[in-house]
1. What percent of all Cα-Cα pairs in the range 151-241 falls into each 10 Å bin, going from 0 up to the bin containing the maximum distance?
2. How much net charge surrounds Ala182 when only other residues with a Cβ under 12 Å from its Cβ are counted (Lys, Arg +1; Asp, Glu -1)?
3. Based on other C-beta atoms within 10 Å, arrange Phe213, Phe245 from fewest to most.
4. Determine, for each peptide in 143-151, 201-209, 178-186, the mean count of other beta carbons within 10 angstrom over its residues, then list the peptides with the highest first.
5. Can you give the local net charge around Val28? Use residues other than it whose beta-carbon is closer than 9 angstrom to its beta-carbon, Lys and Arg +1, Asp and Glu -1.
6. When only alpha-carbon atoms are used, what values of Rg and Dmax, in angstrom, describe the range 3-46?
7. Which of rounded, prolate, oblate describes the range 140-193, given a ≥ b ≥ c as roots of the alpha-carbon gyration tensor eigenvalues and a/c under 1.5 marking rounded, otherwise prolate only if a/b is larger than b/c?
8. Whole-Hz ³J(HN,Hα) for each residue in the range 10-15, computed from phi via Karplus 6.51 cos²θ - 1.76 cosθ + 1.60 with θ = phi - 60°, x for glycine and proline: what do you get?
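Each value in this text was obtained by applying a stated rule to the coordinates, not by laboratory testing. Fair warning: this is a prediction, and the values are worked out from it, not measured in the lab. Note that we place each Cβ from the backbone using ideal geometry, even for glycine, and neighbour counts take in every protein chain shown.
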Amino acid sequence: MAYKNIDTIIINTSCNLFMEKGYKNVSVNEICSACSITKPTLYYHFKSKEDILYEYFRSLIQNSINLIIDLEKHNIISGSSSAPVSDDKNTDVINSDNSDAANSNITNSNITNSNTAVSDISNSDALNENEEASMYYNGKKLVTEAFNLLFSIITAKGYDMTQSFISACICDISKALYFPAAISDAITEYIKIGQKDGSILNTSKADELFTSFYHAFVGYIVYWCQHNGLTDEENTLTNAILPLFN
């Protein structure tokens, strides 16, 4: 059995146990038994139970890169940057079930746009490129959707696993809730789009605003955990991130 496959088996099996019994109630012995491996084998791949949890969340964030980048594409195609996030409780690290739904949405959107174009063709000359862009582009909306999408991904497995992950990040300096460069770059670009289209009024450098976005995001996740996952998400989001852009 390849080492990479063993890693995946340990991560997915462990997280299924965490979901079923609660993170603190699952022992290393249970993980080994469920994976049909010995303790030395587990510790060869992961230093601790916390490392397994951390690697799982790191993979979730890493696997969200295309979803964040595609927000702009969905925004251009359909006039909406909303991207559905599966609430499936299966904790496998890799999940490609959204591809068919995404293709269906794009197809339906193209049909709608084509029909609209036919009916409005006589007025098409009245729209210049800037006006067309303003119909679909809204940088602040893209940034907000990125915030919501990342939050949904990290908290999708419930309070217990998310709180355990955040605790591990806070207690161990070697662990941190971070965004891969591709996500950071995409959100920074969305901030620039917002500054150009006027939806983001703050004229600070886009990378500085992204740093503020990142700290607001981490702070919001901690706040969510402190309140046992029971928060007024819409109002909290407004208070946490939108003032950064005014």
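1. 15, 42, 33, 11, 0
2. Values: positive: none; negative: Asp70, Asp185, Glu189.
After counting each charged neighbour, the total is -3.
3. Working: Phe213 24, Phe245 20.
In order of increasing Cβ crowding within 10 Å: Phe245, Phe213.
4. On the way: 143-151: 21.4, 201-209: 14.3, 178-186: 16.8.
Descending packing order for the listed peptides: 143-151, 178-186, 201-209.
5. On the way: positive: Lys39, Lys49; negative: Glu30.
So the surrounding residues net to +1.
6. 9.7, 27
7. On the way: a/c = 3.69, a/b = 1.67, b/c = 2.21.
Note, shape of the range 140-193 comes out oblate.
8. Once θ is set to phi - 60°, the couplings for the range 10-15 become 4, 5, 5, 5, 4, 6 Hz.
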